[in-house]
Amino acid sequence: MTISNEHELEKLREIGRIVANTVEAMKAATQIGMTTAELDAIGRRSLEEHGARPAPELCYGFPGATCISVNEEIAHGIPGEYRIAAGDLVNIDVSAEKDGVFADTGASFAVPPVAKAIERLCRDGRRAMWAGIRQVGADRPIAGIGQAIGEFARKNRYTLVQNLASHGVGHSLHEEPKEIATWPDPSERRTMHAGLVFTVEPFLSFGAEWATDGNDDWTLLSEPSAPTVQFEHTVVATRNGPLVVTLPG
């Protein structure tokens, strides 16, 4: 999607707030012993109360309103009967549509009590995302996003999952530009234009470099198996830099 007028931007901001607030509501509601299906139901209610439709279900027939991935699961986890336990590393990914516009956001967090190293991984996963977001702007190279995230990971001795990329969003959940690397990609030659809408969503890890298929049609696992976090915002490239539309409020 390329934003061409204020009306489009306001619709994007609205669905962006809805998905961001849904992530926050789900994080706040997470309790030891609850199932991921119960947590997903909270997300569904939050979306539906604001007139939004869950995008994975709408677009792909995903068996849930939100993606909830736990521990070695790093993306597209199916909500179900798993009961959340102390020390779990949880990722919540929420995308939705309202009035023909989509937004996508996500965050990882650990359920206390948790090791200091996992706390640091969660903190640094968010920092890695923002390192990429700061490279967003009209007429800037798309490659700068992955280069900045890669430099952050290298300096802090992390790895990056290199087959789960950021993507365009807006008119649909996944659209052009596709496969925006959140790791250094020397082959990337594209440039952001004013109004371009897309996600920035690095997967930062203590050792994983790839996502591999799990035991169902959706869930992706870390390879090699290692604690991995994902943080995601939907952004607009403007002449003044990045405009983040998936902030709670």
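Computed from the coordinates by the stated procedures, all read-outs in this text should not be read as laboratory data. Small disclaimer: the values here were computed from a predicted structure and weren't measured. Cβ atoms come from the backbone with ideal geometry, glycine included; neighbour counts cover every protein chain shown.
In region 24-99, Rg over Rh equals 0.96, where Rg is the alpha-carbon radius of gyration and Rh the Kirkwood radius from pairwise Cα distances.
Test of understanding: extend the Cα→C-beta vector of residue 215 to 7 Å, then name every residue of region 26-50 with backbone N under 17 Å from that spot. From region 26-50, the list is 36-37.
Here region 42-86 is scanned for amide nitrogen atoms under 19 Å from the site 7 Å beyond the Cα of residue 225 along Cα-to-Cβ, giving 69-78, 82-86. Taken about its Cα centre, region 6-244 carries a charge dipole of roughly 1040 debye when the Cβ of each Lys and Arg holds +1 and the Cβ of each Asp and Glu holds -1.
Could you tally the net charge around residue 192, taking each other residue with its Cβ under 10 Å from the Cβ of residue 192, Lys/Arg +1 and Asp/Glu -1? Show your work: numbers first, answer last.
Working: positive: 140, 190; negative: 139.
Net charge in that neighbourhood comes out at +1.
Simple rule: put +1 on each Lys or Arg Cβ and -1 on each Asp or Glu Cβ in the chain, find the dipole, and look at 214, 233, 149; the Cα lying farthest toward the positive end is 149.
Whole-Hz Karplus values for region 59-64 come out as 8, 10, x, 4, x, x Hz, taken residue by residue from phi with 6.51 cos²θ - 1.76 cosθ + 1.60 and θ = phi - 60°; glycine and proline positions read x.
The calculated pair-distance distribution of region 6-244 uses every alpha carbon pair, bins of 5 angstrom beginning at 0, and gives 1, 7, 15, 19, 20, 18, 12, 6, 2, 0 percent. Less than 5 angstrom separates the built amide H of residue 207 from those of 159, all sequence-distant by 5 or more or on a different chain.
May I ask you to compute the full-extension gain from residue 139 to residue 34, defined as 0.36 nm times their residue separation minus their alpha-carbon distance, rounded to one decimal in nm? Walk me through the intermediate numbers first.
On the way: separation 105, 0.36 × 105 = 37.80 nm, distance 4.64 nm.
Full extension from residue 139 to residue 34 adds 33.2 nm.
Measuring nothing but how far apart in sequence close Cα pairs (under 8 Å, 6+ apart) lie, relative to its length, region 6-244 scores a relative contact order of 20 percent. The helix-based estimate of mean residue ellipticity at 222 nm for the chain, built from -39,500 (n - 2.57) per DSSP H run of four or more residues and divided by its residue count, is -10000 deg cm²/dmol to the nearest 500. As a proxy for reagent exposure, 59, 67 were ordered by neighbouring Cβ count within 10 angstrom, fewest first; the result is 59, 67. Once the Cα-Cα distance is subtracted from the 0.36 nm per residue extended length, the residue 59 to residue 99 segment shows a gain of 12.9 nm.
The length gained on full extension between residue 2 and residue 127, counted as 0.36 nm times the residue separation minus their Cα-Cα distance, comes to 42.4 nm. Computed 3J(HN,Hα) for region 223-231, one whole-Hz value per residue from the Karplus formula 6.51 cos²θ - 1.76 cosθ + 1.60 where θ = phi - 60°, is 9, x, 4, 6, x, 9, 10, 10, 10, glycine and proline marked x. Counted by Cβ distance under 15 Å from residue 96, the other residues give a net charge of -4, where Lys and Arg count +1 and Asp and Glu count -1.
Can you put 95, 166 in order, fewest other beta carbons within 10 Å first?
Details: 95 31, 166 27.
Fewest-to-most ranking of 95, 166: 166, 95.
Mind sorting 34, 192 by how few other Cβ atoms lie within 10 Å of their own Cβ, fewest first?
Numbers: 34 15, 192 24.
Ranked by crowding around the Cβ, least crowded first: 34, 192.
A simple count of charges around residue 74, restricted to other residues whose Cβ falls under 11 Å of its Cβ and scoring Lys, Arg +1 and Asp, Glu -1, yields -4.
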